[in-house]
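I have placed the structure first, in the form of structure tokens, so that the comments after it can refer back to it.
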Amino acid sequence: MREDIRGGEAAARRLAEGAALSDVVDAGDPGAWLGLDAGIRSWLYWLPLPPAEVAALRYPDALPESRLALALCHTDGRIREAALGSAARCPGLCPLVVVRTADWVAPVRERAREVLRAVLGDVDTAVGLAPLILTGGRRGRGVFAVDLLDEVLRRAPRERLAPMFTSADRGVRRFAYRLAVDEGDFSPAELARAAARDPDPVVQDLCAEAALAAVREGGAEGDVLDALLGARGPRVRSAGVTALRRAGQGERAEGFLADRAGVVRACARYVVRQVGGDPAAWYRDRCARPDDPALSPGAVAGLAECGERADAELLWPLAGHPDARVRARAVAGLRTLDVTDVRRLRALLDDPAPGVVREATLALLPFARSLDTERLTERLGGEWPRYARVAAFRLLDACGGLVRLRAAVSLLDDPDVRLREWAAASVRGWQATADVPRGSAEVVELLARGRQLAW
């Protein structure tokens, strides 16, 4: 908000100098209007207008739009209230009328609400003001404008609301889809396509649930399920998969056992079990062919999610699969099954794929003190790729004591900014452990150098 006020102060100064309102504020940005309101008040507090200027603001009917904007945000409530009488004739000031509907002075607030009710009689104006109204609705006394917007848009034809369904503002899209669901404006298939298309999880859940509810009440089932199952968002796909059993198509869930998303795989396993299938056997059959180039990473992950420790015998060979994604999922699966072979995992730190190295590092963290710290320290050198340096430092940092301090200090001049910051934080938080010799000259030297570079 402090940045908004500073921007609003600059805009206020330019308005006072005669600049047009459209040149100093982004009309489509709700934050710009809220910032302008706060900024004008702040600017007028520190650099008040001359008495003659204030006197002119008391007669808003004679003022141009830019001066009315100053009046609508003035520190004097009587000036703000007087300016509202002329604001209706300037469409560009409608956003400031919205702001005034939540004014802390009751007479100003009531007058602004009268003006806004008249302004929102035009549906296009209501649609255009929706982002600001909904943003302001999260503030105190902002609910009036939201309720009025709801009242106006419920009476409007759906085609007039089309811009709201594709708005860049997710709050506007959520509001629009809630209205559409409440009013029954979309068919089940349209709702399913909206769920599949929109990137916002709230809209996805809202539309998917509404589509499936309509199907249960006798809607067209096929188009709805196909749209949900083909969605990019895992939440939407999982809703479609779960609905397969109720639709009598549970056998289709098997096709999602190897989905890239864990939540979809979990739903698929549930449905497959309900129709008499065995997901674990399905996964074991796929993972028993370690040289199969078509093996899906999702199948490997699925085996770990529902398998047993004995299934590690199927996962170890997959740590050498030609697909790096499969190798990474195999290593992650071993960790899920709580199966650790330090020697074999340590060799995977040399894997050329960052994802595999990351998973091997996570599996080795509990055993960091048993690793060769000298070899790990060598990997902190700038000739090693970033992912290798990160892995080495994570393991050395987990060792604690003098090993951790040496590693952190050595990375304080690393070329990667985030690694330097991580190392500096490690130095600042370092505490001696029982195995660190008291009064160690090396510790004193490392801390001195670390403090010089980290602070």
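Remarks
- Spatial extent of the range 103-171: Rg and Dmax, with the Cα atoms as the point set, Å: 12.3, 38
- Dipole magnitude (debye, nearest 20) for the chain, charges at Cβ of Lys, Arg, Asp, Glu: 820
- Computed packing ranks the peptides 10-16, 168-174 as 10-16, 168-174, most packed first, by mean other Cβ atoms within 10 Å.
- For 223, 350, order by how many other beta-carbon atoms lie within 10 Å, fewest first: 350, 223
- Helix-only [θ]222 nm of the chain, DSSP H runs n ≥ 4, -39500 (n - 2.57) each, per residue, nearest 500: -20000 deg cm²/dmol
- In order along the range 440-445, the phi-based Karplus estimate (6.51 cos²θ - 1.76 cosθ + 1.60, θ = phi - 60°) of 3J(HN,Hα) comes to 4, 5, 5, 5, 4, 5 Hz; Gly and Pro are listed as x.
- Shown for 428, 193: other C-beta atoms within 10 Å of each C-beta, ranked fewest to most, produce the order 428, 193.
- Note on the range 58-104: Cα-only Rg and Dmax are 9.2, 26 Å.
- For residue 76, no residue whose modelled amide H falls within less than 5 Å of its own remains once neighbours fewer than 5 places apart on the same chain are excluded.
- What you get for the range 372-455, charging only the Cβ of Lys and Arg (+1) and of Asp and Glu (-1), is a dipole of about 240 debye around the Cα centre.
- Listed values for the range 16-22 are Karplus-derived 3J(HN,Hα) couplings in whole Hz (6.51 cos²θ - 1.76 cosθ + 1.60, θ = phi - 60°), namely 5, 7, x, 5, 6, 4, 5, and x replaces Gly and Pro.
- Once the mean of 1/r is taken over each pair of separate Cα atoms and inverted, the range 354-455 shows a Kirkwood hydrodynamic radius of 13.7 Å.
- Answer label, with mean projected area of the Cα convex hull in nm² calculated from the coordinates and candidates (i) 30.9; (ii) 23.7; (iii) 22.2: (i)
- Residue exposure sequence - 449, 237, 154 - by fewest surrounding Cβ within 10 Å: 154, 449, 237
Laboratory data are not the source of any read-out in this text; all were calculated from the coordinates shown. Everything quoted here is computed from the prediction, not taken from an experiment. Glycine also receives a Cβ, built like all others from the backbone with ideal geometry; neighbour counts cover every protein chain displayed.
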